[in-house]
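Trainee: Below: one structure in structure tokens.
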Ligand SMILES: [Zn+2]
């Protein structure tokens, strides 16, 4: 009896060991599977190149189209954190993912005639249909094939656009400058992107109202109660208000409203002092010459950021254009008191290229009026934006 009993307990023991082993193997497999799925999820949630708001104390970029560059900001992130997108409209009716952003390895280039280049494209999420559509605003200056090979034809400037076929709202632009025999780029012959054709038409309908700007004792220019800082009207060197508190508060409301739609809009650059702008501008002049620098960077005293009423959001470069955040901002910023200050196709009026990331606080009533007029602030107020020298 005792030996039989012992045999039985040994078998039971063996069975238990096997059962324990199986459970351990299953557990290990589950942990490995979990780890893999959370890794790949993280990659999707944090697309390459996107600035993480919580790490955005120092924003650097070498994009030479960037008007608002490298700035140390001490602004805390205005949205809670870079959040997992819960935007369910980011899918097609059949359940597949929609393209949400396009990033390129460069957004402007200079080519000699006959030269070819190709930017690398990152469309996200990579589970979407990643079919690209390439177009040139002027094929006599540069052509582009279906793969994105750009070939310079003759001297001039044009724009190459890559659009998501799956989600045409999302696109990116490359400014292509083709040099002539002397290495010069003809600046007067700029072909605007095809998408701004509508805006170009509006150029002809500029406001004819002329209002005399009022300079008060502090050397500040107010028109209809709006503080102006543009190429015509500057600010005194000692005007140093910091970021306006109402502007900041309203921006936080705007960011929260966007977050409620599953969008992530954060403050990338706010107030800039005269001295900071002076340093930025002079660096650009050293690198690109004054004529070029003036097209994308403000001279000290002429930056709207010195008013404390302007904010740059998210990635301060052309990759922001066409993102869901940019589209939302264009349609809703006025509801929170902001306007897109430098709209597309209005460069000759505002003095600056299209900046979908730069918003200016006017208060809800004024911003809504300007928005409904379809005019730039310059047109709305009947003022110009041109350096006097
Ligand atoms: Zn700006």
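The values are calculated or read from the model by the stated rules, or taken from the named source; none is laboratory data. Because the structure is a prediction, the values reported are computed rather than measured. For neighbour counting, all protein chains shown are included, and Cβ atoms are generated from backbone atoms with ideal geometry for every residue, glycine included.
Trainee: Can you pull out every residue in segment 337-389 that is in a loop (DSSP other than H, G, I, E, B), more than 16 Å from the ligand (Cβ to nearest atom) and either under 28 Å from residue 257 (Cβ atoms) or touching a helix residue (DSSP H, G or I) at 6+ places or on another chain (Cβ under 6 Å) (or both)? Even if it seems obvious, please write down each step before you answer.
Mentor: Within segment 337-389, the subset in a loop (DSSP other than H, G, I, E, B) is 337, 343-346, 351-354, 362-363, 374-376, 382-389.
Now drop any that are not more than 16 Å from the ligand (Cβ to nearest atom), which leaves 337, 345, 363, 374-375, 382-384, 386-389.
Within segment 337-389, 337, 345, 363, 374, 375 meet the criteria.
Trainee: Quick check on this structure: which one of 303, 245 is crowded, with 16+ Cβ neighbours inside 10 Å and either at pLDDT 95 or above or within 13 Å of the ligand (Cβ to nearest atom) (or both)? Step through it out loud before you land on a result.
Mentor: On the way: 245 fails: crowded, with 16+ Cβ neighbours inside 10 Å.
Answer to the selection: 303.
Trainee: Out of the residues in segment 265-281 that are in contact (Cβ under 8 Å) with a residue 12 or more places away in the chain and farther than 21 Å from residue 354 by Cα, which is nearest to the ligand (Cβ to nearest atom)?
Mentor: Going residue by residue through segment 265-281, those that are in contact (Cβ under 8 Å) with a residue 12 or more places away in the chain are 265-278, 280-281.
This time we only want the ones that are farther than 21 Å from residue 354 by Cα, so: 273-276, 278.
On the way: 273: 14, 274: 15, 275: 17, 276: 12, 278: 16 Å.
The residue in question is 276.
Trainee: Restricting attention to segment 285-300, which residues are away from the ligand (no atom under 11 Å from the Cβ) and either at positive phi or crowded, with 23+ Cβ neighbours inside 10 Å (or both)? Let's see the steps before the verdict.
Mentor: Kept after step one, since they are away from the ligand (no atom under 11 Å from the Cβ), are these residues of segment 285-300: 285-295, 299-300.
Matches in segment 285-300: 289 only.
Trainee: Another one. Looking at the structure I just gave you, is residue 300 farther than 23 Å from residue 335 by Cβ and assigned to a loop (DSSP other than H, G, I, E, B)?
Mentor: On the way: farther than 23 Å from residue 335 by Cβ: yes; assigned to a loop (DSSP other than H, G, I, E, B): yes.
Yes, satisfied.
Trainee: Same structure, new question: Kindly indicate the residue of segment 306-332 that is assigned to a strand (DSSP E or B) and farther than 22 Å from residue 164 by Cβ and also nearest to the ligand (Cβ to nearest atom) among those meeting that condition. Quick ask: steps written out before the conclusion?
Mentor: Kept after step one, since they are assigned to a strand (DSSP E or B), are these residues of segment 306-332: 310-313.
Keeping just the survivors that are farther than 22 Å from residue 164 by Cβ gives 310-312.
Details: 310: 6, 311: 8, 312: 4 Å.
Going through the qualifying residues, I end up with 312.
Trainee: Name the residue, out of 229, 258, that is within 16 Å of the ligand (Cβ to nearest atom) and buried (at least 20 other Cβ atoms within 10 Å of the Cβ). Even if it seems obvious, please write down each step before you answer.
Mentor: Working: 258 fails: within 16 Å of the ligand (Cβ to nearest atom).
Matching residue, one of 229, 258: 229.
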